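> Dumping the structure here so I can ask a few things about it.
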2 protein chains.
Amino acid sequence: MKQSTLTELPIWRKLSAQVLEMNRSENHLKHLIQHSERLTDFSIKTDKFLYDFSRQRVNGETMALLFDLAQERNLSAQFNNMISGTKVNLTENRAALHTASRNFSDQPLLMDGHDVMPEIRRIRADMKAFSEKVHNGNIVGTTGKAFEHIVVIGIGGSYLGTAFLSEALKAFSEKKMTLHYLANVDIHNFGQIVREIDPEKTLWIVISKSYTTAETAANEAQARAFMAGKGLSPKHHFVTVTAKGSPGDRPNSADMLASFHMFDFIGGRYSATSAVGGVPLSLFLGYDRFEHLLKGAESMDRHAAEAPIFQNAPLIAALISIWNNNFLGYPAQAIIPYAEPLCKLAPHVQQLNMESNGKSVSVTGEAVGVDTGGIIFGEPGTNAQHSFFQLAHQGRPFPIEFIGVVRPQFTQYPLTSKGVTNHQELWANLISQPHALAVGRDSDDPAKSFSGNRPSSTILLPDLSPESVGRLLSFYEAKTVYEAFIWGINPFDQFGVELGKKLASDIRSEMVHKNQNEAHAFENADPISRYYLNALFSRSITCY
Amino acid sequence: MKQSTLTELPIWRKLSAQVLEMNRSENHLKHLIQHSERLTDFSIKTDKFLYDFSRQRVNGETMALLFDLAQERNLSAQFNNMISGTKVNLTENRAALHTASRNFSDQPLLMDGHDVMPEIRRIRADMKAFSEKVHNGNIVGTTGKAFEHIVVIGIGGSYLGTAFLSEALKAFSEKKMTLHYLANVDIHNFGQIVREIDPEKTLWIVISKSYTTAETAANEAQARAFMAGKGLSPKHHFVTVTAKGSPGDRPNSADMLASFHMFDFIGGRYSATSAVGGVPLSLFLGYDRFEHLLKGAESMDRHAAEAPIFQNAPLIAALISIWNNNFLGYPAQAIIPYAEPLCKLAPHVQQLNMESNGKSVSVTGEAVGVDTGGIIFGEPGTNAQHSFFQLAHQGRPFPIEFIGVVRPQFTQYPLTSKGVTNHQELWANLISQPHALAVGRDSDDPAKSFSGNRPSSTILLPDLSPESVGRLLSFYEAKTVYEAFIWGINPFDQFGVELGKKLASDIRSEMVHKNQNEAHAFENADPISRYYLNALFSRSITCY
């Protein structure tokens, strides 16, 4: 399993030399994109998905080198190891089988000699049956009323993927259900939600793999106290999604309506297609739509696993990421969907990618020696154009992933302004922005000059159906793990969050002492932390 | 007005040398924060606002040099020029008088010899009168029903500031009004909103200074057609906020209920305290709360203008930004409020700062010679801890601005988990994260090592009252312009968005031709753009 240090690889040095080549003025994007075959040569196109990297700062030679890097790092083998149940999460000695959650083949999928598929199929059937019973009124609240509000209690990977998907597919929600997310331990999150729900018609879904997450436990306690205060029985209003055998796995308990299982071989940030997303989305959209989403994800999984490297969209996207990050030196990347329903994609990928690849150490424990994960941010276009695109055009450059949708979810508004529909106006901008960034414009007035040569990719989806959205979800998962496989890091652990948790536990103990004994003076805390503790307890900034 | 090139300044070279000093191991943050006076020496504290930079990678010498830089660049004089009406927006020959919108003094404020204050006071009175009439039922919709939905049509600066403020103060909304934002020209934005409103009870506020913004015009057209289709008169449902004399300035028109003025001396991204924010926020929260917000902003304006540089919170925050950006080399900065109601602060500051300072050319037209504005992103804590904090702790470092609130808006939930309330749990994390980032932790296992020395600031507010939120808004505005004044750039123009607009106009023309003549083949478009045009019109990715 020992791999060479990246920077020692001959191919890495060749790529470094290639930077000089791409920096030559004749390789400015304004020239590269003039070639009539540019788009054909630098895009992956199927009828369901376009990945266009024609406006990235690469030429044929660059791509040939990047494909050599892909082979050198055995990317296809690593990906296929992952999806076939090998314990690729070495530090935690686990498989990473999120792809199993949308596997619809009849084949067994063995992990430690045990077929995991029957249980995955059983959970799908459970979600289908449960959501149907809620929808047809067989499962109702304590007072006999049908559920109209779903509150998902969960944070991080138990929240962001589902939030992305539910927002993307909100137009298909016909079940008269409102979905709320209680993620933050901040009491404002809870306080605001209970102003918006009708408790008799509310189903709470508590999602936590370990069932020990501090935020989720605190919010569940608030929710249970609130419901009890309204005289409503938890047996009729609380559902859990958790690992088998966790403290929350109590399907027949007196304070629980149902429990659904998640697995330790599916990491939180990759779990949107497991019961983590499946339970809330089946309720919000209907189980069938959730299954269509799974099938879209499955089709992209197959592409990511089977397409040759030079035709493999997420693999090429990962190579481009590494090229932009490590060779061209861009530390950040924006995701700009020209589709308002994808407004939560960037926050989801921000977690998926930054938590997976924000590492400094290889799977074998050595320093990686180069920067790994970059900063991911983004807002929908055209909104972003009126926000931070000034900087994108004339300030510090950063690569952008544009996303377009050919056919919108809403088609009943043919009205035109300036001769175009709203959807056409949106596309006029989607088409223009990558072009403007690439070509730039000279001007005698320096304040009105645009240097251009600012790279971007564009992804097109035919529509925002559940299948297409599932495909997009899987694309970003595959891109993320391919990046990690190039760097040789483990995209499935997150030891970087442990220190903060440990210190928070110490501070919590200080608070507990103070709650019990008003005279407690926080002697154990460092001087700065002590000030903050005093500010909190004295309810004043000028506490001393 | 000609300033020396930054990098030629002796103080700039001294600061560059100071980097070596701060990189010495004894200046690791884990050592610096041990000094008992560290917090006192490296924070600005009033009873209304704390700016704590004790966990930034600075020592006394660094700060002394930064204060020299502040003096060298005449920061205080530049700020005072701005607030007193000088035309500091040189490229557009305009003043930048956003501070006037929350000026409550009795003094005249002359611009070109003309006192602008009477008109500002008149608009405040108009907003007060209008919102009261709506609230008491003197102004109702066509069918006599009271308004319950407000839809703000506006984008960029006509949207993000108001969205930040309305979200921050939602707990104080007692007027039974729901606020919607129609910013994106994407038809999904419009389609979703009209599913959520009751048209008879809906008031539309169209906000555009020039009244020529393409997105806003397209959305207004959709809204008017929709209301007409329901038989509702625009005279009872449409209000505008626009510049005097713009095409939307028609207070007595047959298709308009009222018009409110904004001024060319207040830029969009600085306009939240003008009628841009004032009209929707007065309706949503009541005019008095909006005025309290203005008074909080005014108090921070005075601090920013009058406090000596070594006690001036936004000025010091700007110096720290420049230090982190240009000297320590951090290209991005995160804003992490431990307060869910501040969830829209980062998107607002993302626009405010990146559009203001994403420039490469000085006010006098020379290349700045150093990087200017950085990338701003952020999500609320503790959510962010479960998203991208892995990278913050063990990946590529970036400075963070933490924000805490001493007294929450919701105080009726005393329930504890693990011995602490939700608010205390939140603070346990707010206290621990900056400390963990600063000190790090050594480990024999490289995957569990934390290098530490990762800088952050912490801002504390006593509460989330309108005053406190107004103070925070003004803090970020002042910080942004102080950064610009150091770099010598103009934070009030945005020529970087012009090229994209121009190219979008060309593409729109292509679309209009195609709408009129199906045979039009987009001969004028470049080959890549032509593919996208064909994909849109053929409704297929594989169009050729």
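The values are calculated or read from the model by the stated rules, or taken from the named source; none is laboratory data. What you see is a predicted model; the values in this text were computed from it and never measured. In this analysis, Cβ positions are derived from the backbone assuming ideal geometry, glycine residues included, and neighbour counts consider all displayed protein chains. Keep in mind that these areas ignore ligands, DNA and RNA; they rest on the heavy atoms of the full protein, side chains included. Shrake-Rupley method; radii C 1.70, N 1.55, O 1.52, S 1.80 Å.
> Test B:Glu366 against the stated conditions and say whether it is within 23 Å of A:Ala392 (Cα to Cα), of a type in the set (Asp, Glu) and within 7 Å of another protein chain (Cβ to nearest Cβ).
no
> Still on this model: Do you know which residues across region B:27-50 are open to solvent by less than 90 Å² (accessible area, probe 1.4 Å), modelled with pLDDT of 95 or more and among the hydroxyl-bearing types (Ser, Thr, Tyr)?
B:Ser43
> Could you please tell me which pairs satisfy a Cβ distance under 6 Å, a separation of 6+ or placement on different chains, a first residue in region A:494-508 that is in contact (Cβ under 8 Å) with a residue 60 or more places away in the chain and within 7 Å of chain B (Cβ to nearest Cβ), and a second residue that is surrounded by fewer than 22 Cβ atoms within 10 Å (Cβ to Cβ) and in a helix (DSSP H, G or I)?
Between residues of region A:494-508 that are in contact (Cβ under 8 Å) with a residue 60 or more places away in the chain and within 7 Å of chain B (Cβ to nearest Cβ) and residues that are surrounded by fewer than 22 Cβ atoms within 10 Å (Cβ to Cβ) and in a helix (DSSP H, G or I), the close pairs are A:Phe495/B:Ala447; A:Phe495/B:Lys448.
> State whether one or more residues within region B:271-291 are in contact with a Phe, Trp or Tyr (Cβ under 8 Å, 6 or more places away or on another chain) and open to solvent by 30 Å² or more (accessible area, probe 1.4 Å).
Yes, region B:271-291 contains at least one residue that is in contact with a Phe, Trp or Tyr (Cβ under 8 Å, 6 or more places away or on another chain) and open to solvent by 30 Å² or more (accessible area, probe 1.4 Å).
> Scanning for something within 14 Å of chain B (Cβ to nearest Cβ), in a loop (DSSP other than H, G, I, E, B) and open to solvent by less than 90 Å² (accessible area, probe 1.4 Å), does region A:3-14 turn up at least one residue?
Yes.
> Please indicate, with yes or no, whether at least one residue in region B:474-493 is under 30 Å from B:Cys343 (Cα atoms), in contact with a strand residue (DSSP E or B) (Cβ under 7 Å, 6 or more places away or on another chain) and not in a loop (DSSP other than H, G, I, E, B).
no
> Next question, about the same structure. Quick check on B:Arg24: is it without any contact (Cβ under 8 Å) to a residue 60 or more places away in the chain, exposed (fewer than 14 other Cβ atoms within 10 Å of the Cβ) and out of contact with any Lys or Arg (no Cβ under 8 Å at 6 or more places or on another chain)?
Here the answer is yes, as B:Arg24 does meet what is asked.
> Of the conditions (1) facing chain A (nearest Cβ under 9 Å); (2) within 18 Å of the chain's Cα centre (by Cα); (3) open to solvent by 10 Å² or more (accessible area, probe 1.4 Å), B:Asp301 satisfies every one except a single condition; which number is it?
Single failed check for B:Asp301: (1).
> Let me ask you something else. Given the criterion surrounded by 14 or more Cβ atoms within 10 Å (Cβ to Cβ) and over 30 Å from B:Gly365 (Cα atoms), identify the matching residue among B:Met111, B:Met117.
None of the other options fit; the residue is B:Met117.
Residue by residue, here is whether (1) under 30 Å from A:Gly329 (Cβ atoms); (2) more than 7 Å from chain A (Cβ to nearest Cβ); (3) open to solvent by less than 30 Å² (accessible area, probe 1.4 Å); (4) of a type in the set (Phe, Trp, Tyr) holds:
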position	(1), (2), (3), (4)
B:Phe402	yes, yes, yes, yes
B:Gln409	no, no, no, no
B:Pro414	no, yes, no, no
B:Ile431	no, no, yes, no
B:Pro434	yes, yes, yes, no
B:Leu437	yes, yes, yes, no
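> Related question: Looking at region A:65-88, can you tell me whether even one residue there is among the β-branched types (Val, Ile, Thr), open to solvent by 40 Å² or more (accessible area, probe 1.4 Å) and within 11 Å of another protein chain (Cβ to nearest Cβ)?
no
> A:Ile139 - would you say it is in a loop (DSSP other than H, G, I, E, B), in contact (Cβ under 8 Å) with a residue 60 or more places away in the chain, surrounded by 12 or more Cβ atoms within 10 Å (Cβ to Cβ) and not polar (S, T, N, Q)?
yes
> Let me ask you something else. Could you run through region A:194-222 and say how many residues are over 18 Å from A:Gly156 (Cβ atoms), within 13 Å of chain B (Cβ to nearest Cβ) and open to solvent by 10 Å² or more (accessible area, probe 1.4 Å)?
Qualifying residue count, region A:194-222: 4.
> Restricting attention to region B:490-524, and to residues there that are among the hydrophobic types (A, V, I, L, M, F, W, C) and open to solvent by less than 10 Å² (accessible area, probe 1.4 Å), which single residue is farthest from B:Asn89 (Cα to Cα)?
Restricting to residues being among the hydrophobic types (A, V, I, L, M, F, W, C) and open to solvent by less than 10 Å² (accessible area, probe 1.4 Å), the top hit is B:Phe522.
> Same structure, new question: Determine which member of the set B:Phe450, B:Phe485 is among the hydrophobic types (A, V, I, L, M, F, W, C) and more than 9 Å from every other protein chain (Cβ to nearest Cβ).
B:Phe485
> For region B:438-473, give me each residue that is of a type in the set (S, T, N, Q) and assigned to a helix (DSSP H, G or I).
Within region B:438-473, just B:Ser468 meets the criteria.
> If you don't mind, there's one more thing I want to ask. Going through region B:131-162 one residue at a time, which ones are touching a strand residue (DSSP E or B) at 6+ places or on another chain (Cβ under 6 Å) and more than 27 Å from B:Pro347 (Cα to Cα)?
Correct list: B:Phe147 only.
> Still on this model: If a residue must be assigned to a strand (DSSP E or B) and of a type outside the set (S, T, N, Q), how many such residues does region B:151-192 contain?
7
> Just checking, does region A:374-385 include any residue being open to solvent by 20 Å² or more (accessible area, probe 1.4 Å), more than 7 Å from every other protein chain (Cβ to nearest Cβ), more than 20 Å from A:Gly488 (Cα to Cα) and of a type outside the set (Asp, Glu)?
no
> Still on this structure: Restricting to helices (runs of 4 or more DSSP H) lying wholly in region B:304-397: which have 3 or more residues that are closer than 21 Å to A:Ile376 by Cα and more than 23 Å from the chain's Cα centre (by Cα)?
The helices (runs of 4 or more DSSP H) meeting that bar are B:389-394.
> While we're on this one: Would you mind finding the one in B:Ser158, B:Ser166, B:Ser131 that is among the hydroxyl-bearing types (Ser, Thr, Tyr), over 28 Å from A:Pro337 (Cα atoms) and buried (at least 18 other Cβ atoms within 10 Å of the Cβ)?
B:Ser131
> Residue under question is B:Gln351, and the condition is that it be in contact with a Leu (Cβ under 6 Å, 6 or more places away or on another chain), open to solvent by less than 10 Å² (accessible area, probe 1.4 Å), more than 24 Å from B:Arg73 (Cα to Cα) and at the interface with chain A (Cβ under 7 Å from one of its Cβ atoms); does it hold?
The answer is yes for B:Gln351.
> Quickly run through region B:304-317 and pick out the residues that are surrounded by 22 or more Cβ atoms within 10 Å (Cβ to Cβ) and over 12 Å from B:Tyr51 (Cα atoms).
Hit for region B:304-317 is B:Ala304, nothing else.
> Same structure again: Tell me, yes or no, whether region B:170-187 has at least one residue that is open to solvent by 10 Å² or more (accessible area, probe 1.4 Å), within 8 Å of chain A (Cβ to nearest Cβ) and under 27 Å from B:Ser465 (Cα atoms).
Within region B:170-187 (the criterion being open to solvent by 10 Å² or more (accessible area, probe 1.4 Å), within 8 Å of chain A (Cβ to nearest Cβ) and under 27 Å from B:Ser465 (Cα atoms)), the answer is yes, since at least one residue qualifies.
> Quick one: B:Phe475 ticks every box in (1) closer than 26 Å to B:Ser362 by Cβ; (2) free of Cβ contacts under 8 Å to residues at least 60 places away in the same chain except a single one, so which number is it?
It fails just one condition, (2).
> Regarding A:Asp371, is this residue at the interface with chain B (Cβ under 7 Å from one of its Cβ atoms), of a type in the set (Asp, Glu) and either open to solvent by less than 30 Å² (accessible area, probe 1.4 Å) or out of contact with any Gly (no Cβ under 7 Å at 6 or more places or on another chain) (or both)?
Against the criterion (at the interface with chain B (Cβ under 7 Å from one of its Cβ atoms), of a type in the set (Asp, Glu) and either open to solvent by less than 30 Å² (accessible area, probe 1.4 Å) or out of contact with any Gly (no Cβ under 7 Å at 6 or more places or on another chain) (or both)), A:Asp371 qualifies.
> Where the second residue is part of a strand (DSSP E or B) and not basic (Lys, Arg) and the first is farther than 24 Å from B:Arg289 by Cβ and lies in region B:107-132, which pairs have Cβ atoms under 7 Å and are six or more apart or on separate chains?
Filtered contacts from region B:107-132: B:Pro108/B:Asp115; B:Leu109/B:Asp115.
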